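See structure below.
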Amino acid sequence: AYRTILLLACVAATLAGLADDTRPLNQWPSLMSHDAATGELQPIMAAEPEQRAMLAALPENMAAAEIQAASAPAAAAAALQPDCEASSLDTELNGDEAIEPANMNIQDIFGMFNAYVVTQSGTIVQQLDCGARSLDYRPYLNTDGAILAAHGGVPIFKKMDDTITEISHWLHAHPGEMVLLYVSHFDGGAGCKDKVTELLAARHIFTVDDCSQLASMTVAGAYHAGALATGGALVAVLDCMDERYDPSVQCYGDDFICYSGKVDVPWNHLKAYLNTSTSSTPSDGKLWMTQAHWQNSLATIAAGLGHKSNILLDESRAGVNAWLAGAIEAHAFRFLSLVEVDNTCDQGPRLLAALQKWHN
């Protein structure tokens, strides 16, 4: 009977819309894009020959300093496996012929470098169209004072201010929706967090930077507090997140790959993590997520490059999002709130629909 009451309450909340949803905000099932801003690097990411054709529009020459900066991570990646010659790694990445590091143009550099930087296959607006309602955004204070985004310290040259404008435009076209902007991992110059706070205030974005504000916040409360004059709601949360991060959930190991051969090893680990991370909710109202994607280290990046793969292909080859959608539809977990994925636009609409029907 109690479960029936919860189901009816969830259905009623769905029909009424976010403006009348009395559930605690930390029990709002929402699809979150992992490192959402990396999708703005498209179409630079290149893993397959047909994808590399997309690079034709990029400039063939750049300033020496820019090429040197871009080359450094690529060289580091090539050095990850001491017994793997750089030329053989380049052959794996580029298909038909090896490219000597000295002869690599900027397209080759970016194609290899971005393989394990880019977590999303579309821009932030495209991710919203695909079903994301929460965005993992990691700001970077550039030397010129501009606030950009970053992944692992790698700057993404699109201003946060422009991203806020694009999200606002999307919400104007979808006034019944709310977007949660989770801002963390402040990087770049000193004072990045202060600059982000100033920008959000200047743009009149409702911002939670005192975690105690979340203790009694409902979905409806967040929607009304974050309401934009142009429609929809945008809520920024600075840190205040239980990320439930487990670095051991990996696609590649000494004797396994998540999409070939002994797939049970990494998959059993991923499923165990998901079951554990969704078994409870924070009692203080703090937001929380489950990270439904593979984690990476220097070793897994080297292994992935050796298999001509990247973050997007690791997800799609393994079928993580498709499996996850089925598990949510089957109500395989105890609790759900923010469900973070790579490659949101793979199965995104299905994941969104499943989460909208979810009831804790």
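Rundown of residues vs (1) buried (at least 20 other Cβ atoms within 10 Å of the Cβ); (2) at pLDDT 95 or above; (3) touching a Ser or Thr at 6+ places or on another chain (Cβ under 8 Å); (4) part of a loop (DSSP other than H, G, I, E, B), yes/no style:
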{"residue": "F110", "(1), (2), (3), (4)": "yes, no, no, no"}
{"residue": "Q127", "(1), (2), (3), (4)": "yes, yes, yes, no"}
{"residue": "Y140", "(1), (2), (3), (4)": "yes, yes, no, no"}
{"residue": "D144", "(1), (2), (3), (4)": "no, no, no, yes"}
{"residue": "L148", "(1), (2), (3), (4)": "yes, yes, no, no"}
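Among the residues of the stretch 162-173, those identified as surrounded by 15 or more Cβ atoms within 10 Å (Cβ to Cβ), of a type outside the set (G, A, S) and farther than 18 Å from D209 by Cβ are T163, E166, I167, W170, L171.
Selection of the stretch 140-156 for residues being closer than 13 Å to A36 by Cα and in contact with a Lys or Arg (Cβ under 8 Å, 6 or more places away or on another chain) yields L148, A149, A150, H151.
Among the conditions (1) surrounded by fewer than 16 Cβ atoms within 10 Å (Cβ to Cβ); (2) over 26 Å from M178 (Cα atoms), H331 misses just one, which is (2). Total residues in the stretch 343-360 satisfying the condition of being in a loop (DSSP other than H, G, I, E, B) and within 29 Å of A115 (Cβ to Cβ): the figure is 5.
Considering the stretch 24-53, and only residues there that are modelled with pLDDT under 95 and in a loop (DSSP other than H, G, I, E, B), the residue that is surrounded by the most Cβ atoms within 10 Å (Cβ to Cβ) turns out to be M45.
In the stretch 269-283, is there at least one residue being on the phi > 0 side of the Ramachandran plot, open to solvent by 60 Å² or more (accessible area, probe 1.4 Å) and without any contact (Cβ under 8 Å) to a residue 12 or more places away in the chain? So far as the stretch 269-283 goes, no, none of its residues is on the phi > 0 side of the Ramachandran plot, open to solvent by 60 Å² or more (accessible area, probe 1.4 Å) and without any contact (Cβ under 8 Å) to a residue 12 or more places away in the chain.
So if I check each of Q291, Q295, which one is touching a residue at least 40 places away in the same chain (Cβ under 8 Å), surrounded by fewer than 16 Cβ atoms within 10 Å (Cβ to Cβ) and within 18 Å of S33 (Cα to Cα)? Step through it out loud before you land on a result.
On the way: Q291 fails: surrounded by fewer than 16 Cβ atoms within 10 Å (Cβ to Cβ).
Just one listed residue meets the conditions, Q295.
Filtering the stretch 188-205 to residues that are within 13 Å of M160 (Cβ to Cβ) and surrounded by 13 or more Cβ atoms within 10 Å (Cβ to Cβ) leaves G188, C192, K193, K195, V196, T197, L199, L200, R203, I205.
Out of V249, V219, V265, report the one residue that is at pLDDT 95 or above, more than 26 Å from E166 (Cα to Cα), of a type in the set (A, V, I, L, M) and over 21 Å from the mean Cα position of the chain (by Cα).
Values: V249 fails: over 21 Å from the mean Cα position of the chain (by Cα); V219 fails: more than 26 Å from E166 (Cα to Cα).
It is V265.
Residues that are more than 28 Å from G285 (Cβ to Cβ) and surrounded by fewer than 16 Cβ atoms within 10 Å (Cβ to Cβ) within the stretch 224-264 comprise T230, S248, D254, D255, S260, G261, K262, V263, D264, listed in sequence order.
When you check G319 against the structure, is it open to solvent by less than 30 Å² (accessible area, probe 1.4 Å) and under 14 Å from the mean Cα position of the chain (by Cα), yes or no?
Working: open to solvent by less than 30 Å² (accessible area, probe 1.4 Å): yes; under 14 Å from the mean Cα position of the chain (by Cα): no.
Taking the combined requirement at face value, the residue does not satisfy it.
Of the residues that sit in the stretch 346-357 and are touching a residue at least 40 places away in the same chain (Cβ under 8 Å) and touching a strand residue (DSSP E or B) at 6+ places or on another chain (Cβ under 9 Å), which one is nearest to S280 (Cα to Cα)? Ranking the qualifying residues of the stretch 346-357, first place goes to L355.
The values are calculated or read from the model by the stated rules, or taken from the named source; none is laboratory data. Everything numeric here is computed off the predicted structure, so don't read it as measured data. Every residue, glycine among them, receives a Cβ derived from its backbone with ideal geometry; neighbour counts consider all protein chains shown. Surface accessibility is based on the protein's heavy atoms, side chains included, excluding ligands, DNA and RNA. Shrake-Rupley method; radii C 1.70, N 1.55, O 1.52, S 1.80 Å.
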